[in-house]
Amino acid sequence: MARKSRLLIVEDEAAIRSGLVDVFVYHGYDVETAEHGEVGLKMALGGTFDLILLDVMLPGIDGFEICNRIRQQDRQQPVIMLTAKSSDEDIVQGLTLGADDYVAKPFSVTQLVLRVQAVLRRSAFGAAEQREIRLVNGVVVDTENLCAGGDDAKIVFTRREMDLLQYLNQQADRPVAREELLARVWGYANHMEIETRTVDIHIAKLRRKIEQDPASPQAIVTVRGAGYRLMLQAQ
């Protein structure tokens with residue numbers, strides 16, 4: 001029998017938490033829950049979960065701090081944050097801290113399940129075959145260890161950031177549209193109503209890490225009307 005995927009749901013609203021447990025158990029997941037931020041943080045750092053579903057507004061420690069602490073310990077742990085629909089600041093902050101995705105409340109349960117499945121698929125895919133990516137600005141990315149640079153100036157990446165870099169590297173001969181990145185890197189089907197802010201924020205995070213001047217990028221360039229293109233060193 002195949003192992004069930006393990007989810008941790010950190011949500012303080014009892015009705016939502018109970019409903020999510022019922023839904024994900026029905027879909028074959030092994031689910032654990034926490035209703036308080038400090039408990040959720042302890043479980044997240046001490047357990048082995050395939051994905052953590054994390055509310056922003058929690059008693060004790062909020063979801064942003066939990067996400068930040070998770071990323072300090074594990075850059076590959078898949079995390080989806082639940083945010084208030086009206087708060088763009090929540091969305092930006094969550095993705096900037098390293099969340100793989102966000103889902104705005106109120107949400108469609110069907111869409112949430114699809115988003116969880118997509119993130120888990122990308123997590124299972126793991127690293128691509130190429131060990132190094134050599135960018136035009138001299139940065140050499142170590143895809144296996146999720147880093148670049150030496151010990152004195154080390155750049156670290158999350159698993160999602162590396163997935164994005166790897167896909168852009170595979171398509172380096174052309175610009176890649178946001179919709180294609182959502183489908184190929186995030187695993188979302190074309191019919192899913194997904195906001196493009198997810199892609200843009202991850203691109204901005206990568207630029208802050210690998211560009212000397214993120215406002216005038218050399219390695220990840222925007223091709224107007226076409227998408228993003230990764231610029232590599234000449235062979």
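The values are calculated or read from the model by the stated rules, or taken from the named source; none is laboratory data. This one's a predicted model, so the numbers in the text were calculated from it and none came from an experiment. No Cβ is skipped: glycine too gets one built from the backbone with ideal geometry, and neighbour counts run over all protein chains shown.
If I filter the stretch 1-16 down to residues being closer than 13 Å to T48 by Cβ and surrounded by 10 or more Cβ atoms within 10 Å (Cβ to Cβ), which single residue comes out as modelled with the lowest pLDDT?
So, considering only residues that are closer than 13 Å to T48 by Cβ and surrounded by 10 or more Cβ atoms within 10 Å (Cβ to Cβ), the one modelled with the lowest pLDDT is K4.
Suppose we keep only residues that are β-branched (V, I, T) and out of contact with any strand residue (DSSP E or B) (no Cβ under 7 Å at 6 or more places or on another chain) within the stretch 179-225. Which one would you say is modelled with the lowest pLDDT?
I194
When you check L95 against the structure, is it surrounded by 15 or more Cβ atoms within 10 Å (Cβ to Cβ) and at pLDDT below 95, yes or no?
yes
Tell me which residues, restricted to the stretch 166-186, are touching a helix residue (DSSP H, G or I) at 6+ places or on another chain (Cβ under 7 Å), of a type outside the set (F, W, Y) and touching a residue at least 60 places away in the same chain (Cβ under 8 Å).
V185
Restricting to the stretch 64-89, name every residue that is part of a loop (DSSP other than H, G, I, E, B) and in contact with a helix residue (DSSP H, G or I) (Cβ under 7 Å, 6 or more places away or on another chain).
Across the stretch 64-89, the qualifying residues are R75, Q76, Q77, P78.
For the stretch 33-57, which residues satisfy the criterion of being more than 19 Å from L120 (Cα to Cα) and surrounded by fewer than 16 Cβ atoms within 10 Å (Cβ to Cβ)?
H36, E38, K42, G46 - these are the residues of the stretch 33-57 that are more than 19 Å from L120 (Cα to Cα) and surrounded by fewer than 16 Cβ atoms within 10 Å (Cβ to Cβ).
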